[in-house]
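Undergrad: My questions all concern the structure below.
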Amino acid sequence: MTHKKSALITGITGQDGSYLAELLLQKGYEVHGLIRRSSSFNTARIEHLFCDPHENGASLHLHYGDLLDSNALCRVLKLAQPCEVYNLAAQSHVRVSFDMPVGTADVVGLSVFRLLEAIREFEAVQHHVRFYQASSSEMFGQAVETPQNESTPFYPRSPYGVAKVAAYWATVNFREAYGMHASNGILFNHESPRRGETFVTRKITKAVARIKHGLQDKLYLGNLDAKRDWGFAGDYVEAMWLMLQQDEADDYVIATGETRSVREFLELAFSYVDLDYQDFVEIDPRYFRPTEVDLLLGDCSKARKKLGWEPKVDLKQLAEMMVETDMDEAARERTLLEAGHNSHDRVAA
C-alpha cells in the first residue's frame, strides 16, 4: 500500500487556495490548510470541500496558525507531515499595500523566510519537502521589456511588489544554498467567481449583476487603461501542482500571453447582460495607485514546454462565468429585499 501524499496550503481560504485544495483532493491528497483565528467564519470558499464525499479517501484538515508565528509554522508542519507545501497566503491587495507597507512587507516578504526556515528544520528530522512560492507579475512593475519572462528584470512599483521580490529571491536562495526543492510560480493576474470583491474584475462583475437587478446605480473605478494578462485561477493552480512534480525545482511564468485593458473587461462584462458600461461607470481618483503599472504581459513558453501547461479558459469565458455567478447572487439579494418589503407592507396594513 502506497503512502498517501500530504500537502500543506497556506492561504487555503483564498481564491487560489480553494481551487488548489479542490485539485489536490481530486488527486487523492491528504490536504492540510493553515488558517488564522478569526471572530467570524472565513471559510466560505472551501465549505463545499467538507461536504463533498471523497471516494479516493482524500481528506481536508484545517490548522490554526499565522505566518508571523514561527513556532506555529513548526507545529503545523509536524502535524501535517507534508511532502508538498504551497505558500499562497499574503496581504494580496496591491492598492492597500500603499496604505500599510510595513505590514505588507512582513506578511508577504519576511514570512517566506520564516516558512522556508521552518521547512528546513522540519526536513532535518523528517523527509524532503517540495515548496511552492506564489510569486507575482507585480514584481515586473514598470517592465523593461514586453512580454515578460523568467529572465526579465524586476522593477516593482508597489510595496506589495517589493515584498514579493524579496520572497522570490528568498525561495531561490534557499534552493541554491540548502538544496531545497523550492519553486516560484510568477503568476500573472488570475480571476474567478471566487475572487475577492475588492479586486477590479470581481468589483466589475458584481456591479454588473447588481445594476442589472436594480440594486446599484453606478460603478466607480480608477485607471481604465491599465492593461493586464488575465487568466482563470482554476487553470493556474494546476500549474502550481505541476511545478512540484518536476525532478528539479525551477521558476516559471504562468500567463495567457494576451493583454487586455480594464476598459475591455468592462465591455465584456456589461455586454453579457446587454448593457453599455459607459452609462454606469464613473472615474474616482481614490482608486488610482500612487505609482501605476500600465502594462503586464506574460510569456509562458517555458511552462508550456517543460510543464506541458497551457490556459484553457479565455477572458470572454472568464468574464461570463463571473457575471453569471454574480447574477445568481444578485437575484437572491433582490428576492430577500422584496420579501422584506412585502413583510413590512403586511405588518403596516
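The values are calculated or read from the model by the stated rules, or taken from the named source; none is laboratory data. Just so it is clear, the model here is predicted, and its values are computed rather than measured. Cβ coordinates were reconstructed from backbone atoms using ideal geometry, including for glycine residues, and neighbour counts include every protein chain displayed. For the accessible areas, the whole protein counts, side chains as well, though only heavy atoms, and no ligand, DNA or RNA atoms are used. Shrake-Rupley method; radii C 1.70, N 1.55, O 1.52, S 1.80 Å.
Undergrad: What residue among ARG75, ARG130, ARG210 has the largest mean-square fluctuation in a Gaussian network model of the chain, using Cα springs under 10 Å?
TA: Sorting by GNM fluctuation, first place goes to ARG75.
Undergrad: Next up: With respect to the cross-link table entries LYS227/LYS312; LYS227/LYS316; LYS4/LYS27; LYS27/LYS302; LYS4/LYS305; LYS4/LYS164, which display a Cα-Cα separation exceeding 22 Å? Kindly include the intermediate steps, with their values, before the conclusion.
TA: Details: LYS227/LYS312 20 Å; LYS227/LYS316 15 Å; LYS4/LYS27 10 Å; LYS27/LYS302 25 Å; LYS4/LYS305 29 Å; LYS4/LYS164 32 Å.
Where the Cα-Cα span goes over 22 Å, the pairs concerned are LYS27/LYS302; LYS4/LYS305; LYS4/LYS164.
Undergrad: Run through region 55-144 and list the GluC sites (Glu not before Pro) located in a DSSP loop whose Cβ has at most 10 other Cβ atoms within 10 Å.
TA: Values: sites: GLU55, GLU84, GLU117, GLU121, GLU123, GLU138; in loops: GLU55.
Those that pass, being in a loop and sparsely packed, are GLU55.
Undergrad: For ASP251, list long-range residues whose amide hydrogen, built 1.01 Å from N in the peptide plane, is under 5 Å from its own amide hydrogen.
TA: Counting only residues 5 or more places away or on other chains, the set is ASN184.
Undergrad: Still on this structure: Through the Karplus equation 6.51 cos²θ - 1.76 cosθ + 1.60, θ set to phi - 60°, convert the phi angles of region 161-170 into ³J(HN,Hα) values in whole Hz; use x for Gly and Pro.
TA: Rounded to whole hertz, the list is x, 4, 5, 5, 5, 4, 5, 4, 5, 4.
Undergrad: What are the ³J(HN,Hα) couplings of region 202-210, residue after residue, when phi is run through the Karplus curve with 6.51, -1.76, 1.60 and θ = phi - 60°? Round to Hz, x for glycine and proline.
TA: Each residue's phi maps through the Karplus curve to give 6, 4, 5, 5, 5, 5, 3, 5, 6 Hz.
Undergrad: Measure nothing but the geometry: give the 0 to 90° angle between the long axis through the Cα atoms of 111-125 and the longest principal axis through the Cα atoms of the chain, rounded to 10°.
TA: 40 degrees
Undergrad: Right, here's the next one. Considering just Cα atoms, how many Å³ per residue does the convex hull of region 197-349 enclose? Please report the intermediate quantities before stating the final value.
TA: On the way: hull volume 22.1 nm³, N = 153.
So the per-residue hull volume is 144 Å³.
Undergrad: What Rg and what Dmax come out for the chain when only alpha-carbon atoms are used, in angstroms?
TA: Taking only Cα atoms of the chain, I get Rg and Dmax of 21.1, 77 Å.
Undergrad: Taking the highest mean first, how do the peptides 186-197, 230-241, 329-340, 260-271 order by number of other beta carbon atoms within 10 angstrom per residue? Could the numbers behind the result be given before it?
TA: On the way: 186-197: 21.8, 230-241: 23.4, 329-340: 13.0, 260-271: 20.1.
Final packing ranking: 230-241, 186-197, 260-271, 329-340.
Undergrad: Counting heavy atoms of the protein chains only and a 1.4 Å probe, report the per residue accessible area for the chain as a whole number of Å².
TA: Values: 16350 Å² over 349 residues.
I get 47 Å² per residue for this part.
Undergrad: Turning to a different aspect of this structure: Search the structure for amide H atoms under 5 Å from the amide H of SER136, placed 1.01 Å from N in the peptide plane, and list their residues when 5 or more places away or on another chain.
TA: LEU187
Undergrad: Using only helices, what value at 222 nm comes out for the chain when you add -39,500 (n - 2.57) per DSSP H run of length 4 or more and divide by the total residues, to the nearest 500 deg cm²/dmol? Numbers along the way, then the final one.
TA: Details: 11 runs with 141 residues, N = 349.
Per the formula, -13000 deg cm²/dmol.
Undergrad: Which cross-chain or sequence-distant (5 or more) residues have an amide H under 5 Å from the amide H of VAL85, H modelled 1.01 Å from N in plane?
TA: The answer is LEU8, ARG130, PHE131, TYR132.
Undergrad: Also: Carbon and sulfur: what percent of region 104-151's accessible surface (1.4 Å probe)? Before the final figure, lay out each step's value.
TA: On the way: 920 of 1850 Å².
Roughly 50 percent of what the probe reaches on region 104-151 is carbon or sulfur.
Undergrad: Express in whole angstrom the spacing between the alpha-carbon centres of region 280-295 and region 199-272.
TA: 16 Å
Undergrad: Tell me, what HN-Hα J-couplings in whole Hz come from the Karplus equation 6.51 cos²θ - 1.76 cosθ + 1.60 at θ = phi - 60° for each residue of region 9-20, using x for Gly and Pro?
TA: 10, 8, x, 5, 7, x, 3, 5, x, 5, 5, 5
Undergrad: Okay, next question. For the Cα atoms of the chain, what angle does the longest principal axis make with the long axis of helix 233-243, in degrees from 0 to 90, nearest 10?
TA: Once rounded, the angle reads 10 degrees.
Undergrad: Could I ask something else about it? Could you order LYS218, LYS203, LYS78 by accessible surface area, starting with the largest, using a probe radius of 1.4 Å? Before the final figure, lay out the partial values.
TA: Details: LYS218 75, LYS203 50, LYS78 140 Å².
Output order, biggest surface exposure first: LYS78, LYS218, LYS203.
Undergrad: Right, another one. Nearest 10 degrees is fine. How inclined is helix 70-80 to the longest principal axis of the chain, computing both from alpha carbons?
TA: 80 degrees
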